[in-house]
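The values are calculated or read from the model by the stated rules, or taken from the named source; none is laboratory data. Everything quoted here is computed from the prediction, not taken from an experiment. Here the Cβ positions follow ideal geometry from the backbone for every residue, glycine too, while neighbour counts run over all protein chains shown.
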């Protein structure tokens, strides 16, 4: 990975997803499948004094991540009730974990056609 800042690294991971786009939503960079739906958003000191991102997550993933390491993962405001996961970026992170979270977020909201493209890219 060539990006160095946590935001740049996150952006790079999100934009690797097929037909992912980035635009500002609620004052923060956010990533979408095409124009919608959203699968991740930056939370740069937006609701507290922490740098983090929030991501869509499959059923049960939020509680698994938070239970695994509540110093790195949390239930975000607003979207946490829908199962989204919060990830602190102001702490040391395992970027393989973050890559998994981003991919899971994308898979949670993307249409089957784009999931097939994602899987096809893995087979190469």
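What to note about this one:
- Residue match in the stretch 61-72 (condition: in contact with a helix residue (DSSP H, G or I) (Cβ under 8 Å, 6 or more places away or on another chain) and surrounded by fewer than 16 Cβ atoms within 10 Å (Cβ to Cβ)): no
- Among residues of the stretch 64-90 that are without any contact (Cβ under 8 Å) to a residue 40 or more places away in the chain and on the phi > 0 side of the Ramachandran plot, those with a Cβ under 7 angstrom from a residue that is exposed (fewer than 12 other Cβ atoms within 10 Å of the Cβ) and in a loop (DSSP other than H, G, I, E, B), sequence gap 6+ or separate chain, pair up as 83/59.
- Test: residue in the stretch 98-114 that is modelled with pLDDT under 95, more than 15 Å from the chain's Cα centre (by Cα) and either over 17 Å from residue 7 (Cα atoms) or assigned to a loop (DSSP other than H, G, I, E, B) (or both): no
- Filter pass, residue 36 being within 24 Å of residue 121 (Cα to Cα) and modelled with pLDDT under 95: no
- Remark: residue 76 matches the filter, which requires a residue to be under 15 Å from the mean Cα position of the chain (by Cα), crowded, with 20+ Cβ neighbours inside 10 Å and part of a loop (DSSP other than H, G, I, E, B).
- Qualifying residues in the stretch 48-60 (those that are within 22 Å of residue 24 (Cα to Cα) and in contact (Cβ under 8 Å) with a residue 40 or more places away in the chain) - the one surrounded by the fewest Cβ atoms within 10 Å (Cβ to Cβ): 50
- Picking from residues in the stretch 22-47 that are surrounded by 11 or more Cβ atoms within 10 Å (Cβ to Cβ) and out of contact with any strand residue (DSSP E or B) (no Cβ under 9 Å at 6 or more places or on another chain), the one that is nearest to residue 91 (Cα to Cα) is 47.
- Of all residues in the stretch 100-117, those satisfying the criterion of being more than 14 Å from residue 31 (Cα to Cα) and in contact (Cβ under 8 Å) with a residue 60 or more places away in the chain are 111, 114, 117.
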